[in-house]
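The values are calculated or read from the model by the stated rules, or taken from the named source; none is laboratory data. A quick note: this is a predicted structure, and the numbers were derived from the prediction, not measured. When we count neighbours, we look across all protein chains shown, and the Cβ atoms used for this are built from the backbone with ideal geometry, even at glycine. These area figures cover heavy atoms from the full protein model, side chains too; ligands, DNA and RNA do not enter into them. Shrake-Rupley method; radii C 1.70, N 1.55, O 1.52, S 1.80 Å.
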Amino acid sequence: MRRWRLWLLMAPALALLLAIFAAPLMHYLWLSTQAQSVLTGLKPVPIGAQQWLRLWNDGRFWQDTWQTLRFSAASVSLEMLLGLAVALLLHQPLCGRSLLRTISLLPWALPTTVMALGWRWIFNDPYGPINQLLAVLGLGAMPFLSNPNVTWLAAVGADTWKTTPFVALLLLAGLQTIPSDLYEAAALEGATAWQSLRRITLPLLTPYLLIAVLFRLAQALGVFDLIQVLTGGGPAGSTESLALYAYLNAMRFLDFGYSATLLLGSFAILLLLCGTAALVWRWSSRLQGELR
Amino acid sequence: MARMLLLLWSLGPMLWQLYSSLRPNEALSGMGTGGWTLEHYRQLLQSDPPFLTTLLNSVVVGASSTALTLALAVPCAYALSRLGRRQARALSALVAAAAAFPAVLLFLALLELARDWHLANQLLALSLPYAGLCLPLAILLLTAAFADIPIELEEAALIEGMGLWQRLRWILLPLMAPAIASSGLLVFLFSWNEYPIALTWLSRSDLLTLAPAMARIAGSSVYTIPYGAFAAATVLGSAPLILLMLLFQRQIISGLTQGAIKG
């Protein structure tokens, strides 16, 4: 078929993609050089790099960056560990495996805001089930949603619950591509289960782990729904994420210029981290290839 | 043993919601033992606007987003799978990066789009950003499926004198049905769950979709909340999705895993 006809078929989709992904980022680049807030009567006024200076000197931005990184690191690593465990479990030939697979995927399919509301009740102090259980065990109540040192962990827990199934499913797909004769050969050589996990499963699963990490990391760095409904960023701003701060700047403080700057700042952090992760992986796999 | 743990971990929180939704508030807060009640569901269905309206809005948005996404993604994926290797590779990499992009970062620009084009508070208009956000995943899935169809099949049809449209309609689409079904389901799930854009595009309470409606219910204080009503809302809000998952488990799972392998 002629080339231009192929491009014609792609044109509508590519146009929408550009409008939804590329145009907003370009627009932010421009908006971050403007003051557009209540002070300017919501009209854009050019101010050069001042928004970026403000970002640099904004303690709340750095605190939210730290909190977002902390949340992402904790939840992504937990999800990888648990996801791998669940994937290994689901990979074994068990009766009722496909039903178990579907059930374990349910948390992922539920809307985040729905279950965030559910988790608020589960974490309730003192009537939630966890605190009632603690009371039965004779332990003190845990102020999950009102203690700044604990609440971010509650958010990590809720996020892990929701997205572990997704990670598990990706890794399960990876496990299914590993030929089983590899394990049989290893077993003949007398390899233990642990050895074949370390020597066969993990190396062959690395590409899938990387995809899962990159995808989950990008999503976690943009965490918004869960935080907004579960904690609203509180207590005392201790769970506020970058996306939530940007949202508040636009919708509550009506400071659109700064909100755009924050969104671009978050995007830069995301690019930096995901780019580094991808590079490190490439570099280490090349190194391993040379050593072999 | 490990299986029981997995079941408990997955279902426990949901069962707790179901249990709470059927208990009177006094029983939930430790005062009195109370029996069982459907009061929370009655309140929810009679609230203003009724919860069923909210669910219906989500269905409308989900269906229109799915239709629009597929209408754009199928031709695009077809062309991508027939394009030269180098160009297709570069485009697919960009599309894969877009698939991982967290949508919330786009909310401000999309909000201005809605304002400038008078798209706010229009359910069908919401399918425009949703289709845009779902296109990357749909394109990846469908391109992989198109690439699996042997090119000889199409060449044979070409010799028979079938035009592009006829080939699509009679040869390619029937073979693509499973992939189209799974991408459609994933788009539907996405739009059912999407929050930040619905939150900023919709303000009229009778037009809210499920996700922002839930957040609005949650909007009151953390402490003095009618948790029974909350629980009833979470149960009703998740029931359609659980049904969907149980009905189409194969398609959804294969869609997700294909996306990972090929993407």
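For q = 0.07, 0.08, 0.13, 0.14 Å⁻¹, what log10 I(q)/I(0) does chain A give under the Debye formula with an equal point scatterer on each alpha carbon and no solvent?
These q points yield log10 I(q)/I(0) values of -0.38, -0.49, -1.09, -1.18.
Using a simple spin-label model with points 7 Å from Cα along the Cα→Cβ vector, what separation in nm is obtained for A:Ala278 and A:Ala11?
2.9
In nanometres, what is the gap between the two model label sites at A:Thr40 and A:Leu202, each 7 Å from Cα along Cα-to-Cβ?
So the two model labels end up 5.2 nm from each other.
Mind checking the angle between helix A:97-109 and chain A's longest principal axis? C-alpha axes, 0 to 90 degrees, to the nearest 10.
10
Share of Cα-Cα pairs in the protein assembly as shown beyond 46 Å, in percent?
15
At 1.4 Å probe size, what's the solvent-accessible area of A:Trp62? Round to the nearest 10 Å².
Near enough 110 Å² of accessible area.
Using 0.36 nm times the number of residues separating B:Asp116 and B:Leu153, minus their current alpha carbon distance, what extension gain do you get?
Extending this stretch completely gives an extra 8.6 nm.
With only alpha-carbon pairs counted, each pair once and no self-pairs, how large is the Kirkwood hydrodynamic radius of region B:35-158 in angstroms?
This gives a value of 17.6 Å.
Taking amide H positions as placed 1.01 Å from N in the peptide plane, with prolines and chain starts having none, which residues 5 or more places from A:Gln34, or on another chain, fall under 5 Å of its amide H?
A:Ile47
In what order, largest first, do B:Asp148, B:Asp48, B:Asp206, A:Asp225 sit by accessible area if the probe radius is 1.4 Å?
Order by accessible area, largest first: B:Asp48, B:Asp148, B:Asp206, A:Asp225.
Please find, in a Gaussian network model of chain A (springs between Cα atoms separated by less than 10 Å), the residue of A:Val213, A:Val86, A:Val38 whose mean-square fluctuation is greatest.
Result for chain A, Cα springs under 10 Å: A:Val38 fluctuates most.
When the gyration tensor of region B:112-263 is built from Cα positions, what are the square roots of 5 times its three eigenvalues, in whole Å, from largest to smallest?
That gives 39, 20, 12 Å for the three semi-axes.
Probe 1.4 Å, all protein chains in place: accessible area of B:Ser127 in Å², nearest 10?
Rounded to the nearest 10, the figure is 10 Å².
How much FRET efficiency would the formula 1/(1 + (r/R0)^6) give for B:Gln166 and A:Arg2, where r is the Cβ-Cβ distance and R0 is 22 Å, rounded to 0.05?
Calculated value: 0.80.
Hey, what does the equivalent ellipsoid look like for chain B, semi-axes from the Cα gyration tensor as sqrt of 5 times each eigenvalue, largest first, whole Å?
That gives 42, 22, 16 Å for the three semi-axes.
Suppose accessible area is computed on protein heavy atoms with a 1.4 Å probe; arrange B:Met176, B:Met14, A:Met26 from highest to lowest.
Sorted by accessible area, descending: A:Met26, B:Met14, B:Met176.
What residue among B:Ala120, B:Ala157, B:Ala177 shows peak mean-square fluctuation when chain B is described by a Gaussian network model with Cα springs under 10 Å?
B:Ala157
Heavy atoms only, 1.4 Å probe, whole protein assembly: order A:Arg216, A:Arg70, B:Arg85 by accessible area, highest first.
Solvent-accessible surface, decreasing: B:Arg85, A:Arg70, A:Arg216.
Nearest 10 degrees is fine. How inclined is helix A:148-175 to the longest principal axis of chain A, computing both from alpha carbons?
For helix A:148-175, the angle is close to 50 degrees.
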